[in-house]
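Scroll down for the structure; my scribbles are underneath it.
The values are calculated or read from the model by the stated rules, or taken from the named source; none is laboratory data. No experiment lies behind these values; they were computed from the predicted model shown. For neighbour counting, all protein chains shown are included, and Cβ atoms are generated from backbone atoms with ideal geometry for every residue, glycine included. Side chains are part of the model used for accessible areas, which takes the heavy atoms of the whole protein and leaves out ligands, DNA and RNA. Shrake-Rupley method; radii C 1.70, N 1.55, O 1.52, S 1.80 Å.
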Amino acid sequence: MKIALLGYGKMGKVIERIALERGHEIVLRKSSSDSYNGLENAEIAIDFSIPNAAVSNISECLQNNIPIVSGTTGWLVDYPKMVALCEEKKGAFIYGSNFSLGVNLFFELNDYLAKMISKFNQYSVSIEEIHHTQKIDTPSGTAISLANGIIENSNYSDWSLDKNSNENSIYIDAQRIENVPGTHSIFCKSEVDTIEIKHTAHNRDGFALGSVIAAEWLVGKRGVFTMRDVLELKLL
């Protein structure tokens with residue numbers, strides 16, 4: 001498989017290593033200031049760039065009939081536009097706030113816990129996320145996905161970075177600490193106990209491997225998909 005890497009920072013380099021280990025070829029390594037020369041040689045693109053470059057990267061690929069997997073977060077206000085463009089061009093597109101296998105299993109656990117806890121109003125739900133100090137967006141896309149999973153399966157209506165927000169809002173405590181790849185915790189607290197589920201990433205390899213697996217799965221397909229489709233978690 002011939003892959004264009006759109007975003008060639010730390011994550012891009014890990015994706016490159018894993019893709020090469022799996023027998024793929026890198027035909028474009030694009031940093032923010034580089035052109036798209038070489039994109040036409042790609043069978044698929046993987047975007048791990050920055051928020052203000054993601055829409056351009058995704059648009060360029062869809063306009064040129066190149067399937068794209070995007071793990072860039074912080075740009076989702078434009079997600080509906082990218083979905084519409086994908087449908088218009090009959091393209092193929094996967095966005096994921098986190099491509100780690102473990103995190104996607106964690107998403108499912110989070111949804112199930114939210115369904116159960118919604119029956120017991122003595123519990124309040126909060127989220128803690130910890131990332132490295134170079135991370136641009138706050139809160140993380142993974143934390144937002146977790147919050148949305150809780151909202152869809154409970155009586156909560158939104159999320160907030162303000163600890164003193166209203167009782168229908170999920171508090172997200174976003175911390176930035178040097179050299180932390182990513183830790184996410186869900187707390188369900190009452191006066192008598194706390195239920196906690198937690199995912200801790202040890203390095204970037206899980207995110208990179210998941211994105212390459214998603215790219216392998218997407219080739220030859222049309223439509224807008226998620227990691228639930230790739231991992232067949234909807235069947236669980």
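Just to check your reading of the model, which residue among L209, L146 is surrounded by fewer than 20 Cβ atoms within 10 Å (Cβ to Cβ) and touching a residue at least 24 places away in the same chain (Cβ under 8 Å)?
Values: L146 fails: surrounded by fewer than 20 Cβ atoms within 10 Å (Cβ to Cβ).
Exactly one of L209, L146 is surrounded by fewer than 20 Cβ atoms within 10 Å (Cβ to Cβ) and touching a residue at least 24 places away in the same chain (Cβ under 8 Å), namely L209.
Filter segment 69-97 for residues that are of a type in the set (A, V, I, L, M), within 11 Å of G223 (Cα to Cα) and surrounded by 22 or more Cβ atoms within 10 Å (Cβ to Cβ) and give the result.
Going residue by residue through segment 69-97, those that are of a type in the set (A, V, I, L, M) are 69, 76-77, 82-85, 92, 94.
Then drop every residue that is not within 11 Å of G223 (Cα to Cα), which leaves 83-85, 92, 94.
Listed by number, the residues that qualify are A92, I94.
Do you know which of the residues in segment 9-39 that are assigned to a helix (DSSP H, G or I), open to solvent by less than 40 Å² (accessible area, probe 1.4 Å) and in contact with a helix residue (DSSP H, G or I) (Cβ under 8 Å, 6 or more places away or on another chain) is nearest to N64 (Cα to Cα)? Give the steps one after another, and end with the answer.
To start, the set of residues in segment 9-39 that are assigned to a helix (DSSP H, G or I) comprises 10-21, 39.
Now restrict to residues that are open to solvent by less than 40 Å² (accessible area, probe 1.4 Å): 11-12, 14-16, 18-19, 39.
Filter once more, so that each one left must be in contact with a helix residue (DSSP H, G or I) (Cβ under 8 Å, 6 or more places away or on another chain): 11, 14-15, 18-19, 39.
Values: M11: 24, V14: 26, I15: 23, I18: 26, A19: 22, L39: 9 Å.
Ranking the qualifying residues of segment 9-39, first place goes to L39.
With respect to F106, is the statement that it is of a type in the set (F, W, Y) and more than 29 Å from F187 (Cα to Cα) true? Outline the logic, then answer.
Numbers: of a type in the set (F, W, Y): yes; more than 29 Å from F187 (Cα to Cα): no.
No: the conditions fail for F106.
Suppose we keep only residues that are at pLDDT below 95 and in a helix (DSSP H, G or I) within segment 41-52. Which one would you say is most open to solvent (accessible area, probe 1.4 Å)?
Once the filter is applied, the top-ranked residue is N52.
So in segment 119-143, with the set limited to residues that are modelled with pLDDT under 95, of a type in the set (S, T, Y) and over 16 Å from F48 (Cα atoms), which one is surrounded by the most Cβ atoms within 10 Å (Cβ to Cβ)?
T138
Look at S190 and say whether it is of a type in the set (G, A, S) and surrounded by 17 or more Cβ atoms within 10 Å (Cβ to Cβ). Steps first, answer last, please.
On the way: of a type in the set (G, A, S): yes; surrounded by 17 or more Cβ atoms within 10 Å (Cβ to Cβ): no.
Considered against the rule, which asks whether it is of a type in the set (G, A, S) and surrounded by 17 or more Cβ atoms within 10 Å (Cβ to Cβ), S190 comes out as no.
Just to be sure I understand the filter: pairs with C-beta atoms under 7 Å, separated by 6 or more residues or on different chains, first member in segment 178-206 and closer than 17 Å to G12 by Cα, second member open to solvent by 70 Å² or more (accessible area, probe 1.4 Å) and hydrophobic (A, V, I, L, M, F, W, C). Which pairs pass?
G206/L101
Quick one: E87 ticks every box in (1) modelled with pLDDT of 95 or more; (2) touching a helix residue (DSSP H, G or I) at 6+ places or on another chain (Cβ under 9 Å); (3) in a helix (DSSP H, G or I) bar one, so which box is it?
So E87 meets the others, but not (2).
Taking strands (runs of 3 or more DSSP E) that do not extend beyond segment 170-236, which have at least 2 residues that are of a type in the set (S, T, Y)? Give the steps one after another, and end with the answer.
On the way: elements: 183-189, 194-200, 223-225.
Qualifying strands (runs of 3 or more DSSP E): 183-189, 194-200.
Could you go through segment 153-164 and let me know if any residue there is in a loop (DSSP other than H, G, I, E, B) and within 30 Å of N65 (Cβ to Cβ).
First pass over segment 153-164, keeping only residues in a loop (DSSP other than H, G, I, E, B): 153-157, 161-164.
Those still in the list that are within 30 Å of N65 (Cβ to Cβ) too: none.
No, because not a single residue in segment 153-164 is in a loop (DSSP other than H, G, I, E, B) and within 30 Å of N65 (Cβ to Cβ).
In this structure, does L62 turn out to be within 22 Å of the chain's Cα centre (by Cα) and open to solvent by 60 Å² or more (accessible area, probe 1.4 Å)?
no
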